[in-house]
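J.: Have a look at this one before I ask anything.
Values quoted throughout were computed directly from the atomic coordinates according to the rules given, and no laboratory measurement underlies them. Everything quoted here is computed from the prediction, not taken from an experiment. No Cβ is skipped: glycine too gets one built from the backbone with ideal geometry, and neighbour counts run over all protein chains shown.
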Amino acid sequence: MAFTVLVVTALSKVSGDTRERTGVVTDAAALSVWKSTLSPALDDLNSFPDPPGIPADEPARVRPCAIDESDGSLVQLTAEKHWATDASRNGYPSLDAVVPEVRAGYAEIVESVVARGWTDRTDSHEESGDGVNGPVRTTLTKSIGNERVTLWIDMYTDSVFATLTFPDAPRACRLEE
């Protein structure tokens with residue numbers, strides 16, 4: 001019995017070690033394209049103060065390739081910024097309506113971005129969205145160099161996410177062999 005426990009433990013450590021050793025490889029050229037294309041857009045998102053009551057976690061930036069710890073899947077490059085209430089950072093309260101600071105902050109963020117030359121391309125502001133069952137989303141675009149960059153600003157009950165992308169954004173991430 002003790003031998004069986006030792007073998008099972010050893011095998012689980014070997015398979016766990018194999019998973020831990022699996023790394024992520026980032027294509028440097030693709031990462032460079034992401035950073036150079038989105039740099040002005042990231043500057044736009046970082047150029048205005050955070051709305052009252054919903055400070056940003058950190059400045060907008062291109063986030064690196066990674067492994068999602070919840071399911072072990074590969075996460076491609078993303079470019080984003082996140083603002084949230086202090087309450088949501090301390091345990092994600094159960095909410096059934098958008099926090100007033102979030103609603104006001106969302107509008108302020110959208111106005112700040114539009115003031116920097118972004119065009120609102122939202123066909124409908126999804127007024128039926130309540131931030132509870134799905135985000136309220138504004139879609140904005142801006143030409144940066146030869147690229148048409150898209151910015152989605154999503155409002156949830158206790159936070160706001162801004163996500164940037166551009167057509168034909170190269171995939172930069174793969175698992176190491």
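J.: Describe numerically, in nm with one decimal, the distance between label points set 7 Å from Cα along Cα→Cβ at T163 and at D50.
T.: Label-label distance for T163 and D50, simple model: 2.2 nm.
J.: Using amide H atoms built 1.01 Å from N in the peptide plane, name the residues 5+ places from A66, or on other chains, whose amide H lies under 5 Å from its own.
T.: Counting only residues 5 or more places away or on other chains, the set is V75.
J.: Size of the dipole of the stretch 24-175 about the Cα centre, Lys and Arg at +1 and Asp and Glu at -1 on the beta carbon, nothing else charged, in debye to 20?
T.: Working: 13 positive and 24 negative charges, 127 e Å.
Magnitude of the dipole: close to 600 debye.
J.: Taking the radius of gyration and the Kirkwood hydrodynamic radius from Cα positions alone, what is the Rg/Rh ratio for the stretch 24-175, to two decimal places?
T.: Numbers: Rg = 15.9 Å, Rh = 16.3 Å.
Checking Rg against Rh, the ratio lands at 0.97.
J.: Another question, if that's okay. Once the other residues with Cβ under 9 Å from the Cβ of F166 are scored (Lys, Arg +1; Asp, Glu -1), what is the net sum?
T.: -1
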